[in-house]
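Inspection log for the structure reproduced underneath, given as structure tokens.
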Amino acid sequence: MSDPERRRRDQRAKAARAPASAWDRILVHRIAVFAYHGIHPEEARLGQRFYISLDCSLDLSEAGRNDDWHATVCYARLTEVVTAAATARRFRIIEGLAEAIAGEILARFPAVVEVAVRVDKPSAPVPAIIDGVAVEIRRRRDGSS
């Protein structure tokens, strides 16, 4: 078994033993994507900008102690997964988009124990003067919300 495989196995084992409150966090703020989500035909036709933020709970102690890039989660890969999930298909509601992103993060990054996903929709078509709307969900590897 290679060193990266051993690290991933060890990270999964640690994740299963400790509560999420014991973990460190990687935060990625406001990944901008242009997509066609929404319930209105104009949103499907014109598209708009969305901002997606992540709060990933995981154990970063080994990475920090050893200054080891391989013992953490790559921020660039996180942004790639978010961008791909946000642009691969159209969602009618941003809650669905957030759920899809959370599922992808947990599926692709074994070290992540819990993830919070925030989707901001600054140009939401509501009949009021607002800066935008957002949803935030939190999902754990064990399936609880």
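Values in this text are rule-based calculations from the coordinates and carry no lab data. None of these values were measured; they are calculated from a predicted model. FYI the Cβ positions are ideal-geometry reconstructions off the backbone, even for glycines, and counts take in every protein chain you see.
Think of the stretch 20-125 as a dipole: +1 on every Lys or Arg Cβ, -1 on every Asp or Glu Cβ, centred on the Cα centre; then among V81, L58, A35, A35 lies furthest on the positive end.
Each Lys and Arg contributes +1 and each Asp and Glu -1, all at the Cβ; summed about the Cα centre of the stretch 3-140, the dipole is approximately 320 debye. Listing T79, T72 from fewest to most neighbouring C-beta atoms within 10 Å gives T79, T72.
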